[in-house]
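The values are calculated or read from the model by the stated rules, or taken from the named source; none is laboratory data. Quick caveat: nothing in here was measured; it's all calculated off a predicted structure. For neighbour counting, all protein chains shown are included, and Cβ atoms are generated from backbone atoms with ideal geometry for every residue, glycine included. These area figures cover heavy atoms from the full protein model, side chains too; ligands, DNA and RNA do not enter into them. Shrake-Rupley method; radii C 1.70, N 1.55, O 1.52, S 1.80 Å.
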Amino acid sequence: MSREERFLKALAQLGCSFEAGLKRGGDYAATVCDGNRIYVSGQIPRVGDEIVHPGAVGSDISLGQAQDAAKICALRGLALIRERVGSLDEIKAVLRITVFVQSADSFTQQSEVANGASFILRSVLGEAGVHTRTSVGVYQLPKNASVEVDMIAVLNPSS
Amino acid sequence: MSREERFLKALAQLGCSFEAGLKRGGDYAATVCDGNRIYVSGQIPRVGDEIVHPGAVGSDISLGQAQDAAKICALRGLALIRERVGSLDEIKAVLRITVFVQSADSFTQQSEVANGASFILRSVLGEAGVHTRTSVGVYQLPKNASVEVDMIAVLNPSS
Amino acid sequence: MSREERFLKALAQLGCSFEAGLKRGGDYAATVCDGNRIYVSGQIPRVGDEIVHPGAVGSDISLGQAQDAAKICALRGLALIRERVGSLDEIKAVLRITVFVQSADSFTQQSEVANGASFILRSVLGEAGVHTRTSVGVYQLPKNASVEVDMIAVLNPSS
């Protein structure tokens with residue numbers, strides 16, 4: 001399967017589609033390139049106008065729901081890179097993701113939530129999806145999102 | 001207007017001045033360069049010895065006050081780059097800002113707070129101020145600051 | 001003293017050893033290189049199977065304990081770079097560390113906690129350990145860790 005096919009399959013398994021476009025807010029860019037490096041703004045699990053699985057993990061939503069939210073964040077990040085450079089095949093490496101998890105007081109499985117995002121990167125990009133990661137538990141996130149993920153990737157020299 | 005003039009105008013509109021110097025704490029550097037890239041340490045809205053608008057947004061202070069705090073953080077970041085390389089005209093691009101907002105329990109407008117920082121970058125730097133952004137709601141910040149903003153920028157090759 | 005000797009001395013002063021290996025979790029890499037830049041995943045103060053000084057700073061643990069936790073995080077980051085490139089002498093510069101501190105409600109000394117990590121970088125690496133820093137107070141961290149530190153460094157061209 002191509003990266004594009006694996007990407008679409010992962011989206012379908014989550015019951016999501018980005019066909020309505022990748023809505024975004026605020027006075028900033030979704031992506032900025034620095035030579036072959038691409039920075040992706042923090043993504044919340046927004047599909048169309050809906051924030052999927054909002055709330056604090058460990059009280060409002062479950063670990064499994066938060067992992068799905070993290071998957072959607074990662075898929076949005078990939079979709080924005082694709083939008084910018086034309087194809088997921090242009091991604092040579094993922095340098096870092098930071099995963100912010102809206103956490104209940106005693107919820108300490110931020111790494112397990114972040115595994116949702118890591119799983120998407122590895123399953124869509126293969127070895128190119130290997131990345132470093134920082135996962136932390138925050139108090140709130142924009143629009144009461146449960147997860148937010150940002151990303152720095154490297155593109156092929158030709159892209 | 002030049003960038004310097006727009007920078008000074010934005011400062012004046014906030015009723016702030018950095019003429020007393022940019023106070024900083026801790027055992028680290030305000031900026032570190034990596035070739036033409038410059039990393040700026042996390043900035044809180046400190047003017048002289050005062051932290052402007054401290055506290056949690058949504059309970060202790062209002063959205064508007066937090067936006068002003070975010071503006072001061074961004075202006076401090078610009079001032080530190082200027083201090084390092086001599087002029088705001090040396091900034092070619094802003095790659096990323098991360099905006100940490102000390103948030104009340106149910107405050108979910110972190111993006112709106114971050115717009116204060118984004119507004120400064122765009123209004124002072126123009127197109128060069130376009131950036132990626134991550135905004136999250138944290139539980140506390142150093143010195144009870146309401147906002148903290150860090151930055152990565154690209155300088156002109158000659159600088 | 002060499003960097004290696006200063007590194008081992010700092011570890012010994014904390015009563016720690018990484019000889020059992022640097023345990024890690026999750027589906028990601030400890031380090032990823034981008035040319036001469038190296039990204040290090042967020043490190044918690046894990047020694048063997050133990051998380052040293054867990055809990056919220058300001059209620060469960062003291063500032064001094066949190067500083068020790070931050071030191072261990074920084075030492076782990078250095079150990080992972082050494083593991084990847086063979087020697088601490090290959091580190092040319094540290095661009096940024098981000099220090100996430102699990103904070104009690106009214107604890108505002110995140111910078112002081114982060115000084116523990118900064119102290120290690122400066123004392124082991126000397127001038128090469130000068131870095132930019134962002135310190136924030138988060139609500140929770142993986143495995144109830146009190147501190148998490150990630151890092152971006154530059155390696156010597158030959159490494």
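Given the conditions (1) part of a helix (DSSP H, G or I); (2) aromatic (Phe, Trp, Tyr); (3) without any contact (Cβ under 8 Å) to a residue 40 or more places away in the chain, report the number of the one that A:PHE119 does not fulfil.
Only one criterion is unmet by A:PHE119, namely (3).
Residues are listed down the side, and each one gets a yes or a no for (1) in contact with a Cys (Cβ under 7 Å, 6 or more places away or on another chain); (2) under 18 Å from C:ARG84 (Cβ atoms); (3) open to solvent by 30 Å² or more (accessible area, probe 1.4 Å); (4) modelled with pLDDT under 95:
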| site | (1), (2), (3), (4) |
| --- | --- |
| C:ARG37 | no, yes, yes, no |
| C:SER41 | no, yes, no, no |
| C:VAL52 | no, no, no, no |
| C:ALA56 | no, no, no, no |
| C:ILE61 | no, no, no, no |
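Among (1) touching a Leu at 6+ places or on another chain (Cβ under 8 Å); (2) part of a loop (DSSP other than H, G, I, E, B); (3) over 25 Å from B:CYS73 (Cβ atoms), where does C:LEU125 come up short?
Checking C:LEU125 against (1) touching a Leu at 6+ places or on another chain (Cβ under 8 Å); (2) part of a loop (DSSP other than H, G, I, E, B); (3) over 25 Å from B:CYS73 (Cβ atoms), the one that fails is (2).
Please state which one of A:ALA69, A:ALA93, A:ALA29 is more than 24 Å from B:ARG37 (Cα to Cα) and not acidic (Asp, Glu).
Values: A:ALA93 fails: more than 24 Å from B:ARG37 (Cα to Cα); A:ALA29 fails: more than 24 Å from B:ARG37 (Cα to Cα).
Step by step, each of A:ALA69, A:ALA93, A:ALA29 is checked, and only A:ALA69 is more than 24 Å from B:ARG37 (Cα to Cα) and not acidic (Asp, Glu).
Report, by residue number, each residue of segment C:1-54 that is in a loop (DSSP other than H, G, I, E, B) and either hydrophobic (A, V, I, L, M, F, W, C) or closer than 17 Å to C:ARG122 by Cα (or both).
At the first step, the residues of segment C:1-54 found to be in a loop (DSSP other than H, G, I, E, B) are C:1-2, C:14-30, C:35-36, C:44-45, C:48-49, C:52-54.
Within segment C:1-54, C:MET1, C:SER2, C:LEU14, C:CYS16, C:PHE18, C:ALA20, C:LEU22, C:ALA29, C:ALA30, C:ILE44, C:VAL52 meet the criteria.
For segment A:146-157, give me each residue that is of a type outside the set (Ser, Thr, Tyr) and touching a helix residue (DSSP H, G or I) at 6+ places or on another chain (Cβ under 7 Å).
Passing the criteria: A:VAL147, A:GLU148, A:VAL149, A:MET151, A:ALA153, A:LEU155, A:ASN156.
Under the condition of being polar (S, T, N, Q) and in a helix (DSSP H, G or I), which residue from segment C:71-114 is surrounded by the most Cβ atoms within 10 Å (Cβ to Cβ)? Talk me through it step by step, then tell me what you get.
Here is the first cut: in segment C:71-114, the ones polar (S, T, N, Q) are C:87, C:98, C:102-103, C:106, C:108-111.
Those still in the list that are in a helix (DSSP H, G or I) too: C:110-111.
Details: C:GLN110: 29, C:SER111: 22.
Going through the qualifying residues, I end up with C:GLN110.
Identify, from the list A:SER123, A:SER135, the residue that is over 18 Å from C:GLU148 (Cα atoms), away from chain B (no Cβ under 12 Å) and of a type outside the set (A, V, I, L, M).
Working: A:SER135 fails: over 18 Å from C:GLU148 (Cα atoms).
Sole residue among the options that is over 18 Å from C:GLU148 (Cα atoms), away from chain B (no Cβ under 12 Å) and of a type outside the set (A, V, I, L, M): A:SER123.
What's the number of the only condition in (1) at the interface with chain A (Cβ under 8 Å from one of its Cβ atoms); (2) over 21 Å from A:THR134 (Cβ atoms) that B:SER103 fails to meet?
Failing condition for B:SER103: (2).
Determine which single condition B:ASP27 fails, assuming it passes every other condition in (1) open to solvent by less than 20 Å² (accessible area, probe 1.4 Å); (2) touching a helix residue (DSSP H, G or I) at 6+ places or on another chain (Cβ under 6 Å).
(1)
A:VAL147 fails exactly one of the following numbered conditions: (1) open to solvent by less than 10 Å² (accessible area, probe 1.4 Å); (2) away from chain B (no Cβ under 14 Å); (3) aliphatic (A, V, I, L, M). What is the number of that condition?
In the conditions (1) open to solvent by less than 10 Å² (accessible area, probe 1.4 Å); (2) away from chain B (no Cβ under 14 Å); (3) aliphatic (A, V, I, L, M), A:VAL147 misses (2) alone.
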